There are 2 protein chains.
Amino acid sequence: WFAKPTHPNSANNSGSNKHLTEFLDEMRSDQIREHLRKFTRLPHLAGTEQNLKYAEQIKKEWQEFGLDSVEMVPYDVLLSYPNKTQPNYISIVDHLGNEVFNTSLAEPVPEGYEGVSNIVPPYSAFSAKGQPEGDLVYVNYGRTEDFFQLEREMKINVTGKIVIVRYGKIFRGNKVKNAMLAGAKGIIMFSDPADYWATGVQVDPYPDGWNLPGGGAQRGNVLNLNGAGDPLTPGYPAKEYTYRFDLVEGVGLPKIPVHPIGFHDAIRLLENMGGQIPPNSWKGALNVSYRIGPGFTDDFKSQKVRMNIHTNNQVTRIYNVIGRIRGSLEPDRYVILGGHRDAWVFGGIDPMSGAAVVHETVRSAGRLLSKGWRPRRTIIFASWDAEEFGLLGSTEWAEDNAKLLQERAVAYINADSAIEGMYTLRVDCTPSLHTLVYDITKQIASPEEGEEGVSLYESWHKRDNWTNDRNAPRISKLGSGSDFEAYFIRLGIASGRARYTKNKKTEKYSSYPVYHSVYETFEIVDKFYDASFKRLRAVAQVRGALIFHLACSELLPLDVMEYADSLRKYAQSIAQLAQRHQDEMETYMVSFDSLFSAGENFTVAAKGFHERLQTVNRADSLQLRVMNDQLMYLERAFIDPLGLPGRPFYRHVIFAPSSHNKYAGESFPGIYDALFDIENSADPEKSWDEVKRQISIAAFTVHAAAMTLTPPA
Amino acid sequence: WFAKPTHPNSANNSGSNKHLTEFLDEMRSDQIREHLRKFTRLPHLAGTEQNLKYAEQIKKEWQEFGLDSVEMVPYDVLLSYPNKTQPNYISIVDHLGNEVFNTSLAEPVPEGYEGVSNIVPPYSAFSAKGQPEGDLVYVNYGRTEDFFQLEREMKINVTGKIVIVRYGKIFRGNKVKNAMLAGAKGIIMFSDPADYWATGVQVDPYPDGWNLPGGGAQRGNVLNLNGAGDPLTPGYPAKEYTYRFDLVEGVGLPKIPVHPIGFHDAIRLLENMGGQIPPNSWKGALNVSYRIGPGFTDDFKSQKVRMNIHTNNQVTRIYNVIGRIRGSLEPDRYVILGGHRDAWVFGGIDPMSGAAVVHETVRSAGRLLSKGWRPRRTIIFASWDAEEFGLLGSTEWAEDNAKLLQERAVAYINADSAIEGMYTLRVDCTPSLHTLVYDITKQIASPEEGEEGVSLYESWHKRDNWTNDRNAPRISKLGSGSDFEAYFIRLGIASGRARYTKNKKTEKYSSYPVYHSVYETFEIVDKFYDASFKRLRAVAQVRGALIFHLACSELLPLDVMEYADSLRKYAQSIAQLAQRHQDEMETYMVSFDSLFSAGENFTVAAKGFHERLQTVNRADSLQLRVMNDQLMYLERAFIDPLGLPGRPFYRHVIFAPSSHNKYAGESFPGIYDALFDIENSADPEKSWDEVKRQISIAAFTVHAAAMTLTPPA
């Protein structure tokens, strides 16, 4: 196609390039459109009849497409639903306790869906029940730094208050945790147009455009699971015989009521607030003052806010669909393409744009199979359930299959929403996949109009160059919050994800505006995001080519040198941050030398390995397997079975998320968390001790990873 | 030789049977004698110059024997030594505080060793420092049940008292823990002739026989590490850059002074004790009343006991010696033969009888190598340091190499003391090694006089039949307390050990009488335990044949059906025990059904696997590897990364030791521990909940292990 692959391991694909081309060419826009249409007609929340029906349909169709096996895998996990007879809402009450304003009980239903039942109203899944009443305090995004500013600079204590925060910047579960820690007795989250309204170009609210209507609101779970999966069965799959903790011992369940609202309702709660004038960075785009509170101003002082939350937790059966293509030569090596099926409502974007792409990938793979092709390694396709309730389906299956996955999984490619914008490709992956991603995007066509004959790589590169230091399309680290968590962060399986995204330089809103609202329909994709379905096809080809190469290449297409480069950069970056405390570091004798030296050691080992790769005798299947095992297990080497402090299921020493949103997206989370504590600690000696311990763990882990790349004996 | 091998995987050894015979025939009694002589001339306590010298000598000789590589691997771990200028001893003091009796400062030096320096006097390594003074209370063996009996039946509270207990039955560290939990401020341990004096036949004390002289005492560490290794660096190798906890945070360090004495000194402390008459089971074989106390009787009431303990903890460099033979076809598969080198004094039995056997194994393997032989897999020989201080050398190396071992280790064969009696073979191993052990002992000659032409298997079978149910020589479960712990219980590597032992039906003393005393010399082996060195040779052949088969067989000689049988038996056994509480089990709805059903499931999977083994195409090296990986990883499947409650490094769900000596030797320790708590709990509902949780974890683990045996795709 467009360019020569540059990957060192790529003399691999002798004979299979033809199959790859066939595989990618078979993927069709109209088919993807049809899959998306089919699976977005009805709401299919996790745990509902309809989501089981879709699972059965997917199973049936995957079988028809020709997979070797397809099975339904059920678990019984804790879900959370609004009470059907007692709706959730928020009131303003007068001094007599009369409700003088109530927030809406549902979003206005989009046209074409008027008769649809089972649309769950906006709610915060796993909210505590309760009817707290009190004064409102506005705390911006509800981040740690927002609460610090509130308490330390504005001198406002939220104990016994209800806080109201805007959605965005951090995961909503963390806002709830921060509110609880600050002592609030309830928390309201709203979508502010500053964060959920596209500007720049003229975009109408849905259905005339893809902006969020004022009556729309963002559903979502408000757990703090830290990778535990089902809150009642942490560490073990939620089977029938599995022991379940009591609700009070459940992992990550909030202890206070939580509720989400749209901006029409938010105006009514905010417009009469009193108290201090907010700093500019706290002001959103509503026509209100964004005063902090506590409580309302002047004439409205006697009014309070009351939350009415009746949401129920309930152990409920969920269903993953697992399909397999047996590997011809190494059936015990697994390449996984997994994404969720459950949706808050229709799931037009989240997740069915991704599920449609998986469906098309299975269809295309089935066509190849029928022509006699078979991958070297086993490919596993997964349709996960209950992602929206805390990555439950994917995590329970990972727990159920932990030993097999640890020993056999080559890579996990995530397939959540395939599109969140209309600008360019976005890839987040482990460093060892960088080179493969570049190679395959050079062989895939750009889906953009006017870019005929231009490769996806070139199109992406033009739109999003990495940095001044690196002339290549930007690839980001994997964060958290989708189904790859258990595979990457707990088990250490090389992982990646790809989707189409917005222009983040100009589009400042979080995610896409209608995210988790009823307005995520088939039509929003069909009319606005990808009318030609070429973008989704390009994403399908990227995800598909990843699994194809990983499953078919003789030598695994993982690049250890990229990992070496990344590790060195991350070490420099954390050391630089710590330099802010240079004096204290001298006092407490804190040094990053061991981490630097581990990074150098890793680089030497990676170079040596890389050189030996060139001399592998490909005719010797055992020699190939030995090298491939080293490649496969490299990611595993970064897992610390002891986990991060207090977070036993976040085990990836390099890429687990930091506990503090301030350092989200940084590597070496253990060190960042310890440094965060420095900045907020009364006992610097103890805190610096923890920094030293974390540096030592990081250095050891990188050294140990280097050892896995040296000759095995 | 004697009998046909019965193992299903044994069509394996095509062509290598000749090498095996050569390998075993090359092992010579006179050589083993010479190795033992050479490495027992001088005391070589861990952390001393002499133990480093022996390490260097072993390294040099292994290189000369022809290993592919030999390296010294240092760690800096916490050790503990008596203060050279302030000796440890125990006094009886009169009412003025004058010391009217002091225990001996050292054991009488055995003949031939009079000029030897650096004999460390008997002490309890890692004892707290201190000079507590108080009344003595005698608590039998210091087991949990002894303290319960003391407190509940005899109504004696040891708070502020010094307890005196006899050695035996349980690990000394547990006696110390029990004493601490009971509130004692010091603990004295003595060797009672009932437990450390051979009767039946007339045996003199050393040097005229192998009994313990009255002046001899048992050294030993008194930690409660639960597999943590170096107390200051749990979970990570104790390298130069490694973060170390403060001593107060160290794992398993006792908070009270501890000291060991021989029975001459014990008589003096016990002879005037007052208080209650002991139950018969508390009476040892000294000519004293074994009264319980507290304190002395009548005329001696005003006398107290004072401990004078000045032992120091000290971070000290230790050295493992690691030798390797690179595998020809699968260099990344490791078979490990490891045993410790450090000794309390000369180490005539513990550990040098084992180290001499390893040395001879290396010599013999080197001879084969020089003739062009090379094993299919890599063999690793290890001379561990600081086993006596808590399995430190082996555990730190396991921590250092955890990822490699987890991914690559086929088996670990332990090589501590090769002889502890003169009667027959003793083997403790994982169930999957049973069949191999039987096969190889059928091909090795009995070392016993008058048994020419009799196989070791027959000799052993005659002396120690398993049970009425099973007509085969007894094989026991692996316990804890030697260097296999980190490999077996933490990492889940199939492990075994073999040694020559006593007749446990007639010889009731614990271990062998001179255990950990200065009287463990070369001569005690040369004169009494194995004058011909044929027993040690037989042990060398067993250990050697194990590693040979494991390293050379095309198909790994691991028997999954034996694991299935064992699991079913263990499940029945724990369910039977629980039946004692049948009423409560009904009340709290506790059932073992899930565990039974998991055992059945495992059996089905094992049978299926076993059948597929018969049809493997041995010419297909990838197919072989896939099956072998399933065999290798089966043991790993029993590891729970979360560990047992409160014991993060005891991770083997089937074979980790129970926390309670009452259930030592039982399988499914999590369930036993929970049941123990039932028997001693004030909150039965909560305790039964924990039983249910542990049954659920056990059932899940067995199910997960079964999955590893099903076809991989």
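Quick notes on this one:
- Filter pass, A:Glu666 being buried (at least 19 other Cβ atoms within 10 Å of the Cβ), in a loop (DSSP other than H, G, I, E, B) and under 29 Å from the mean Cα position of the chain (by Cα): yes
- Out of A:Pro712, A:Pro684, sole residue that is touching a residue at least 12 places away in the same chain (Cβ under 8 Å), open to solvent by 10 Å² or more (accessible area, probe 1.4 Å) and either farther than 26 Å from A:Thr587 by Cβ or at the interface with chain B (Cβ under 10 Å from one of its Cβ atoms) (or both): A:Pro712
- Restricting the stretch A:525-540 to residues that are surrounded by 24 or more Cβ atoms within 10 Å (Cβ to Cβ) and aliphatic (A, V, I, L, M), the residue that is nearest to A:Pro213 (Cα to Cα): A:Val525
- Hey, B:Pro641 assigned to a loop (DSSP other than H, G, I, E, B), closer than 15 Å to B:Ile574 by Cα and either without any contact (Cβ under 8 Å) to a residue 60 or more places away in the chain or more than 10 Å from chain A (Cβ to nearest Cβ) (or both) or not: no
- Candidates A:Phe638, A:Phe655, A:Phe649, filtered to the one that is in contact with a His (Cβ under 6 Å, 6 or more places away or on another chain) and under 30 Å from A:Tyr236 (Cα atoms): A:Phe638
- Selection within the stretch B:286-317 - assigned to a strand (DSSP E or B) and under 10 Å from B:Gly275 (Cα atoms): B:Gly293, B:Phe296
- From A:Leu337, A:Leu368, A:Leu404, residue being closer than 22 Å to A:Glu22 by Cα and surrounded by fewer than 24 Cβ atoms within 10 Å (Cβ to Cβ): A:Leu368
- For the stretch B:497-523, taking the residues that are closer than 22 Å to B:Leu392 by Cβ and among the polar types (S, T, N, Q), the one that is most open to solvent (accessible area, probe 1.4 Å) is identified as B:Ser511.
- Summed over the stretch B:498-517, residues that are more than 18 Å from B:Pro207 (Cα to Cα) and assigned to a loop (DSSP other than H, G, I, E, B) total 10.
- Selection status of A:Arg612, over 27 Å from A:Phe148 (Cβ atoms), within 13 Å of another protein chain (Cβ to nearest Cβ), of a type in the set (Lys, Arg) and touching a residue at least 40 places away in the same chain (Cβ under 8 Å): yes
- Of residues in the stretch B:317-337 being away from chain A (no Cβ under 14 Å) and in contact with a Phe, Trp or Tyr (Cβ under 6 Å, 6 or more places away or on another chain), the one farthest from B:Leu536 (Cα to Cα): B:Ile318
- Of the residues B:Pro231, B:Pro260, B:Pro237, the single one that is open to solvent by less than 10 Å² (accessible area, probe 1.4 Å), of a type outside the set (A, V, I, L, M) and in a strand (DSSP E or B) is B:Pro260.
- A single entry from A:Glu420, A:Glu399 fulfils the requirement of being at pLDDT 95 or above and open to solvent by 10 Å² or more (accessible area, probe 1.4 Å): A:Glu420.
- The stretch B:199-217, residues that are outside any loop (DSSP other than H, G, I, E, B) and buried (at least 23 other Cβ atoms within 10 Å of the Cβ): B:Asn211
- The residues on offer are B:Trp210, B:Trp197, and the sole one that is away from chain A (no Cβ under 14 Å) and at pLDDT 95 or above is B:Trp210.
- Qualifying residue in the stretch A:52-65 (condition: among the acidic types (Asp, Glu), more than 24 Å from A:Thr159 (Cα to Cα), in a loop (DSSP other than H, G, I, E, B) and open to solvent by 10 Å² or more (accessible area, probe 1.4 Å)): no
- Search result, residues across the stretch A:459-496 that are assigned to a strand (DSSP E or B) and open to solvent by less than 30 Å² (accessible area, probe 1.4 Å): A:Pro473, A:Ser495, A:Gly496
- Assessment of the stretch B:631-649 against the conditions (open to solvent by 50 Å² or more (accessible area, probe 1.4 Å) and of a type in the set (Lys, Arg)) yields no matching residue.
- Matching entry among B:Pro231, B:Pro254, B:Pro279 (being more than 14 Å from every other protein chain (Cβ to nearest Cβ) and farther than 30 Å from B:Trp197 by Cα): B:Pro231
- The stretch B:525-540: number of residues that are on the phi < 0 side of the Ramachandran plot and either part of a loop (DSSP other than H, G, I, E, B) or over 23 Å from the mean Cα position of the chain (by Cα) (or both): 7
- Considering residues of the stretch B:687-703 that are within 11 Å of chain A (Cβ to nearest Cβ) and of a type in the set (Gly, Ala, Ser) only, the residue farthest from the chain's Cα centre (by Cα): B:Ser696
- Taking the numbered list (1) open to solvent by 20 Å² or more (accessible area, probe 1.4 Å); (2) under 24 Å from B:Asn157 (Cβ atoms); (3) in contact (Cβ under 8 Å) with a residue 40 or more places away in the chain; (4) hydrophobic (A, V, I, L, M, F, W, C) in turn, B:Val288 passes all entries but (3).
- If you check A:Val100, A:Val137 for being open to solvent by 60 Å² or more (accessible area, probe 1.4 Å), more than 19 Å from A:Gly216 (Cβ to Cβ) and part of a strand (DSSP E or B), only one passes: A:Val100.
- Residue that is surrounded by the fewest Cβ atoms within 10 Å (Cβ to Cβ) [pool: residues in the stretch A:428-447 that are touching a helix residue (DSSP H, G or I) at 6+ places or on another chain (Cβ under 6 Å) and under 23 Å from A:Arg28 (Cβ atoms)]: A:Lys442
The values are calculated or read from the model by the stated rules, or taken from the named source; none is laboratory data. Everything quoted here is computed from the prediction, not taken from an experiment. Every residue, glycine among them, receives a Cβ derived from its backbone with ideal geometry; neighbour counts consider all protein chains shown. Quick note on the areas: whole protein, heavy atoms, side chains included, nothing else; ligands and nucleic acids left out. Shrake-Rupley method; radii C 1.70, N 1.55, O 1.52, S 1.80 Å.
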